[in-house]
Every structure is written in structure tokens, then in C-alpha cells.
Amino acid sequence: MKRFTTGGFVFCAGLMVILLADALLAPSLQQELTTLLGLLLMGLGSFFALMGYLAISLLRILLFLLEPSHDRSDRH
């Protein structure tokens, strides 16, 4: 769960960098490089969030498959 939330926060930080670069910096190479940094942060955050979500899903599937099955012949 920690990886998923960390990825979400990194994604939001990258989005904030892009929005602030667009609002505060004049069109220049510096603005483009700052936006590139924001895009890299968003990509990294998306990757972490995806890995965290897949780990959570895989854990749930494994718990479902590995839980002890109850014998139905005992029921009357």
C-alpha cells in the first residue's frame, strides 16, 4: 500500500511542477526543461503506483487461492 500512495504523491508532485512551470515561467528553454522534469516525475509516480496496485491485487488473488478450502461433505 505504501508504494501505491507514494506513487500517487510523486505523480501529483510532477503535475504540480508542470502547472507551476506553465503559470510562472516565461516560454523558454528553462520552462521546457522544468516541464520535462515534471513529466519524468509523473511517469515515475505512475510506475510506482501501478507496481503497488499490481502487488496489492496479486496479494489478494494469492490469499483467495491459498485459503484453506472447507469440505462441503460435512454440511447436511
Residue within the range 52-75 that is surrounded by 15 or more Cβ atoms within 10 Å (Cβ to Cβ), at pLDDT 95 or above and small (Gly, Ala, Ser) present: no
Near pairs, Cβ below 9 angstrom, 6+ apart or cross-chain, from the range 27-40 (of a type in the set (Asp, Glu)) to any residue that is in a helix (DSSP H, G or I): 32/21
Test for residue 42: is it surrounded by 13 or more Cβ atoms within 10 Å (Cβ to Cβ) and under 8 Å from the mean Cα position of the chain (by Cα): no
Any hit, the range 17-31, residues being at pLDDT below 90 and of a type in the set (A, V, I, L, M): no
Filter pass, residue 55 being among the small types (Gly, Ala, Ser), touching a residue at least 40 places away in the same chain (Cβ under 8 Å) and part of a helix (DSSP H, G or I): yes
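The values are calculated or read from the model by the stated rules, or taken from the named source; none is laboratory data. Note that the coordinates shown come from a computational prediction; the quantities given were computed from them, not determined experimentally. Heads up, the Cβs are rebuilt from the backbone with ideal geometry, glycines too, and the neighbour counts pull from every protein chain shown.
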